[in-house]
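Quick note: the coordinates plus some simple rules give every number you see, no bench work behind them. Since the model is a prediction, treat every value here as computed from it, not as a measurement. Every residue, glycine as well, gets a Cβ built from its backbone with ideal geometry; the counts of neighbours run over all protein chains shown.
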Amino acid sequence: MGLKKLSAALALSVSLFAAGAARATDIEVTHWWTSGGEAAAVAEFAKAVDASGDHWVDGAIAGSGDVARPIIISRILGGNPMGATQLNPGHDADELIKAGLMTDLTEIATAGKWNDILRPKTQLAGCTVDGKIYCVPVNLHSAQWMWTNRKVFTDAGIEPPKSIADLIADAPKLKEKGIQPLALAQGWAVRLLVNDLIIAFAGVDNYVKVMKDRDAALAAGPEFTKVFQQIGDARSLVDTKAITKQWNEAVGLVISGKAGANIMGDWAGGEFQVAKMVAGKDYDCLPGLGLAPALDTGGDVFFFPLNKDPAVHAAQLKMAQTLLTPEVQVAFNLKKGSLPMRPDVDLSAANDCMKKGLEILDHSKVTLPSDRQMLDGDSLTQIGDLLTDFFSKPDMKPADVQAKFAEIIKNAPKM
Ligand code: GAL
């Protein structure tokens, strides 16, 4: 090779290297997906970001949303932002958007026709402030599910339950065998359980009237007295000394056959899948606890805190688009137990639970806002603490809890 050719080749390889290096931007991503199923799902996102030419730096925060949320928010407020972060649809990022700390995604959202493609519309609407889009919804997760291990019931000589009412009826037989009918985790998981019981026993409309419209009179009134009585009865399904710290430990008790059922969001499905159990064969997922099939429009969204480095900014925009590509939506949501945000994807590998969820979302359309979309974080924490108390102290009276619950609803700020 002549000198001229050699230097031309060198120049080319240097510029290719530079272009390559410019493309492989590190992007630190915070999230609270640390259970087995969650880790398997988020690995699909990491793989896709890496395959797009950038580098996913994993910033997992153990201990679920209640632990991660304040850490994430204070890092951004404190001037130490990550490249991208998971949060929930609702009001998690209100303050950060107001302070101008989040990247405006409107241009790529418009170019990618997110508004036409993504459903339900509530999710993108929740990312929109003053006409500008600040987050990308990646899935729809609902909380209204009861999970049962079939073998636990058949071993006890009973049919696997079709609803929470069946579980209540079956409970004595399970207890005789030393099996906890309903496994439970503390904190927000108790709130989730009670929300689901209210929906099952009082109906979606009454639940929304209380949580969204702040109908404190309904919450304090005779209809809810009945509901709280039933919640008190459901408390006897739980072994109060066996309340777990983390939600996935409670799901684990069902998987290992130490408990018959758990009430948890559809992300629990990821745990059963990691345990190689088959929906509709080894375990069942019953939307609306088998009584009132409905799903809320909770889920996960990604925000991209403002970054002055143009390479990071470009990587952020690319990541937002990558998370919504059909292949990534399928790979992630199949493992996560959630529903994809776009209907135009290949779901031939959907399991029984995903099919049930899609049926509700796309056909029966009984959807409701998630509690995070209706109430502020503070009130939600207060409700979680109150209910954890109720479930861990069997002598606490349903009527007392009802009164305190109604008081929190009455005092919750309008959103
Ligand atoms: C929710 C989140 C889900 C899920 C769950 C438990 O807030 O939306 O993706 O993983 O927490 O960690």
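What is the extension gain from Asp58 to His313, computed as 0.36 nm multiplied by their sequence separation minus the C-alpha to C-alpha distance, in nm to one decimal?
Numbers: separation 255, 0.36 × 255 = 91.80 nm, distance 1.77 nm.
That works out to 90.0 nm of additional length.
Taking the mean number of other Cβ atoms within 10 Å as a proxy for protection, how do you rank 37-43, 301-307, 110-116, 59-65 from highest to lowest? Display every interim value, and only then the final one.
Numbers: 37-43: 20.1, 301-307: 22.4, 110-116: 12.9, 59-65: 16.4.
Descending packing order for the listed peptides: 301-307, 37-43, 59-65, 110-116.
Per residue, how big is the convex hull around the C-alpha atoms of segment 159-244? Give it to me in cubic angstrom, could you? Show your work: numbers first, answer last.
Numbers: hull volume 8.4 nm³, N = 86.
Convex hull volume per residue, Cα atoms: 97 Å³.
Tell me which of Ala412, Gly178, Gln230 sits at the most positive position along the dipole axis of the chain, charges placed on C-beta atoms (Lys, Arg +1; Asp, Glu -1).
Gly178
Where does the charge balance sit around Ile158 when Lys and Arg score +1, Asp and Glu -1, over other residues with C-beta under 14 Å from its C-beta? If you can, show how the numbers build up before the last one.
On the way: positive: Arg150, Lys151, Lys162, Lys173, Lys175, Lys177; negative: Asp155, Glu159, Asp166, Asp170, Glu176, Asp284.
Residues near Ile158 contribute 0 overall.
With the contact rule set at Cα under 8 Å and sequence spacing of 6 or more, what percent relative contact order holds for the chain?
On the way: 724 pairs, mean separation 108.7, N = 415.
With pairs under 8 Å counted, the relative contact order is 26 percent.
Need the list of aspartates and glutamates near Lys175 for cross-linking: C-alpha distance under 16 angstrom, and skip anything on the same chain fewer than eight residues off.
Within the straight-line cut-off, Lys175 pairs with Asp155, Glu159, Asp166, Asp233, Asp239.
Which FRET efficiency value, to the nearest 0.05, is calculated for Lys410 and Glu107 with the Förster distance at 56 angstrom and r the Cβ-Cβ distance? All intermediate terms of the calculation are to be shown ahead of the outcome.
On the way: r = 43 Å, r/R0 = 0.76.
Step by step, r from the Cβ atoms, then E = 0.85.
Please report the net charge: other residues with Cβ closer than 15 Å to the Cβ of His363, K and R +1, D and E -1.
Working: positive: Arg119, Lys355, Lys356, Lys365; negative: Glu359, Asp362.
Summing Lys/Arg as +1 and Asp/Glu as -1 gives +2.
Dividing the convex hull volume of the Cα atoms of the chain by its residue count, what figure in Å³ per residue is obtained? If you can, show how the numbers build up before the last one.
Working: hull volume 63.5 nm³, N = 415.
Here the figure is 153 Å³ per residue.
Restricting to Cα atoms and excluding each atom paired with itself, what does the Kirkwood estimate give for segment 198-324 in Å? Could the numbers behind the result be given before it?
Numbers: mean 1/r = 0.0546 Å⁻¹.
Final number for the Kirkwood radius of segment 198-324 is 18.3 Å.
Taking the Cα centre of each part, how many Å lie between segment 91-112 and segment 140-182?
43 Å
Within 10 Å of each residue's Cβ, count the other Cβ atoms and sort Val274, Val138 from fewest upward. Write out the running numbers ahead of the final one.
Working: Val274 18, Val138 25.
So the residues, fewest neighbours to most, are Val274, Val138.
With Cβ to Cβ distances under 13 Å as the rule, what net charge do the other residues near Leu192 carry (K, R +1; D, E -1)? Display every interim value, and only then the final one.
Details: positive: Arg191, Arg372; negative: Asp66, Asp196, Asp266, Asp296, Asp371.
Residues near Leu192 contribute -3 overall.
Restricting attention to the alpha-carbon atoms of segment 71-200, what are Rg (one decimal) and Dmax (integer), both in Å?
Cα radius of gyration and Dmax of segment 71-200 are 21.5, 61 Å respectively.
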